[in-house]
Each structure stands twice: as C-alpha cells, then as structure tokens.
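Participant: What follows is a single structure, and I will ask about it in a moment.
Laboratory data are not the source of any read-out in this text; all were calculated from the coordinates shown. These numbers come from a predicted model, not from an experiment. We place every Cβ from the backbone using ideal geometry, glycine too, and count neighbours over all the protein chains shown.
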Amino acid sequence: AQRVTQPEKLLSVFKGAPVELKCNYSYSGSPELFWYVQYSRQRLQLLLRHISRESIKGFTADLNKGETSFHLKKPFAQEEDSAMYYCALKGNKLVFGAGTILRVKS
Amino acid sequence: ETGVTQSPTHLIKTRGQQVTLRCSSQSGHNTVSWYQQALGQGPQFIFQYYREEENGRGNFPPRFSGLQFPNYSSELNVNALELDDSALYLCASSWGGLLVDTEAFFGQGTRLTVV
C-alpha cells in the first residue's frame with residue numbers, strides 16, 4: 001500500500017526563520033516523491049521532485065529511504081512562501097498527503 | 001499552449017442524481033487523472049486515463065466512471081450521488097501515463113455540493 005503522512009496541519013514561522021515541512025511515506029517499491037504547492041486562489045502546481053535534486057524557490061528536499069522521509073526545507077522563509085504544501089508519492093498511482101499550511105509572519 | 005480547464009466551476013446536485021464533470025487537458029498531453037479533495041484533506045486519486053483507456057484506479061466505487069476522448073479531454077461521471085461526494089474534483093493532465101515521470105498540471109477544480 002502507498003501512504004503519505006504529513007504530521008503538521010499548520011506550520012507558522014517568522015520571516016527569515018528556517019522552515020521544515022515533514023513528510024513520511026510508506027511504499028514497498030522504489031518511491032518517486034514530489035512536493036506540490038497551492039498558493040492562495042491558485043491551482044495546485046509541482047514545486048519539486050526528488051529525482052531532479054534541484055532547488056526551487058530556495059526549497060530543497062532529500063529522500064531518506066532509511067527513515068522513509070522526504071522533508072521539505074528552506075533556510076530563510078519569505079512571506080510569499082505562505083501556501084498549502086502537499087507531499088506526494090508515485091507508485092502505481094499518485095498519492096497525496098493531507099497537506100501542511102505554511103504561514104510566514106512578518 | 002493552453003492549460004488544463006475544468007467545467008463547471010461550481011455545481012449543486014441532489015442526492016441520488018447523476019453528474020458529469022469535464023476536463024480539457026493541456027496541449028500535447030495524453031494522460032488525464034481525476035482526484036477528489038474533501039475539505040481539509042489532500043487530493044485522493046480516483047482514476048487515470050491514458051490514450052483513451054483507464055490505466056489506474058483508486059479506491060472508489062464503480063459509480064465513479066470516466067471517459068477520455070480522442071482529443072484527450074475527459075469526463076468524470078458519478079451516479080447515485082451521496083452527500084459524502086461533496087468535494088472539490090481536480091483534473092490533472094500529463095504525458096505518458098503512470099509509468100513515466102512527467103509533471104502533472106492541475107485544473108482549477110469543480111466544486112460539487114450534494115444536498
């Protein structure tokens with residue numbers, strides 16, 4: 001079975017503080033992990049995927065197979081990062097976590 | 001290049017009725033996936049169509065069905081609507097089906113309310 005867990009419904013940080021959005025997964029095969037983001041009044045869009053190992057808008061995420069985690073990190077949060085973030089796992093289907101709201105306060 | 005569009009944006013139906021939701025995929029894409037997003041939850045995979053055939057399905061009953069047309073647009077049909085079917089329905093288009101790692105582009109969603 002495929003499962004994605006995002007333990008925090010809401011993460012509130014101050015501008016300039018580090019951010020870590022947690023994601024744990026369960027999958028017996030070789031996982032493909034993604035982070036999707038939804039800004040206010042916009043559609044869901046891909047932020048980054050683990051196989052590309054790129055940094056998008058200052059965000060990075062490393063796949064840790066030992067801990068079955070794919071946490072999203074950014075060293076210095078900006079107000080425009082405020083959004084809903086979904087971790088997703090692609091096995092034989094794309095499975096999303098429940099999402100974490102990130103609020104960056106000024 | 002046009003993006004993914006869904007229609008209608010909002011819909012109210014009565015329990016027991018049937019509903020059809022529509023999705024136009026992005027130009028060049030041959031795969032469409034449908035998701036149900038209940039309030040406060042992440043999108044849940046309903047099914048996917050690749051080149052006009054269903055090639056993946058989530059844990060949804062058979063009263064959820066779909067079609068993909070030769071132009072790769074798609075419909076989601078739900079029969080015998082239940083109150084719990086009230087949700088945001090998202091469509092996403094991509095290229096190559098489930099076995100290919102390509103980005104999925106989402107529509108803005110259809111908000112279905114069952115009363």
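Participant: What does the charge add up to near B:PHE69, with Lys and Arg as +1, Asp and Glu as -1, over the other residues with Cβ less than 13 Å from its Cβ? Please list the in-between numbers first.
Facilitator: Numbers: positive: B:ARG22, B:ARG51; negative: B:GLU52, B:GLU53, B:GLU75.
My count for the surroundings of B:PHE69 gives -1.
Participant: Calculate the tail of P(r) for the stretch B:22-86: the fraction of all Cα-Cα distances greater than 19 Å, expressed in %.
Facilitator: Details: 643 of 2080 pairs.
Percentage above 19 Å: 31.
Participant: Still on this structure: Using only Cα atoms, what Kirkwood radius does chain A have, in angstroms? Walk me through the intermediate numbers first.
Facilitator: Working: mean 1/r = 0.0727 Å⁻¹.
13.8 Å is the Kirkwood radius here.
Participant: Ranked highest first by average number of other Cβ atoms within 10 Å, how do A:19-25, B:81-87, A:83-89 line up?
Facilitator: In decreasing order of mean packing, A:19-25, B:81-87, A:83-89 become A:83-89, A:19-25, B:81-87.
Participant: If one computes the Cα centroid of the stretch A:23-62 and of the stretch B:43-107, what distance in Å separates the two points?
Facilitator: Spelled out, the Cα-based centre of one part sits 21 Å from the other.
Participant: Oh, and also: Quote the FRET efficiency, to the nearest 0.05, computed for B:GLU52 versus A:SER12 with a Förster distance R0 of 41 Å and r equal to the Cβ-Cβ distance.
Facilitator: Numbers: r = 46 Å, r/R0 = 1.12.
Working from the Cβ atoms, E equals 0.35.
Participant: Here's something else I'd like to know. Averaged over peptide B:3-16, how many Cβ atoms belonging to another chain are found within 10 Å of each residue's Cβ?
Facilitator: Values: counts 1, 1, 0, 1, 0, 0, 0, 0, 0, 0, 0, 0, 0, 0.
If you average over the peptide's residues, the count of other-chain Cβ atoms is 0.
Participant: Also: What does the average come to when, for each residue of peptide A:95-102, you count the partner chain Cβ atoms lying within 10 Å of its Cβ?
Facilitator: Details: counts 5, 7, 3, 3, 5, 1, 0, 0.
Across the residues of A:95-102, the mean count of other-chain Cβ atoms within 10 Å is 3.
Participant: Shifting gears a bit: Let me know the mean shielding of A:83-90 by other chains, meaning the per-residue number of their Cβ atoms within 10 Å of its Cβ. Kindly include the intermediate steps, with their values, before the conclusion.
Facilitator: Details: counts 0, 1, 0, 3, 1, 4, 0, 4.
Mean shielding count: 2.
Participant: Let me ask something additional. What distance in nm lies between label points placed 7 Å from Cα along the C-beta direction at A:LYS57 and A:THR5?
Facilitator: In this crude spin-label approximation the distance works out to 2.7 nm.
Participant: Moving on to the next point. Scanning chain B for trypsin sites (Lys or Arg not before Pro) in DSSP loops with at most 14 other Cβ atoms within 10 Å, what's the longest stretch left with none? Don't jump to the answer; show the numbers that get you there.
Facilitator: Details: sites that count: B:ARG15, B:ARG51, B:ARG63.
Between the exposed loop sites, the longest stretch runs B:64-115.
Participant: Continuing with this model, one more query. Could you pull the Cα extents of chain B along its three principal axes, largest to smallest, in whole Å?
Facilitator: Rounded to whole Å, the extents work out to 38, 28, 26 Å.
Participant: For a distance above 25 Å, tell me the whole-number percent of Cα pairs in the protein assembly as shown that qualify. Mind dumping the intermediate values first?
Facilitator: Values: 9690 of 24310 pairs.
Here the long-distance tail beyond 25 Å is 40 percent of all Cα pairs in the protein assembly as shown.
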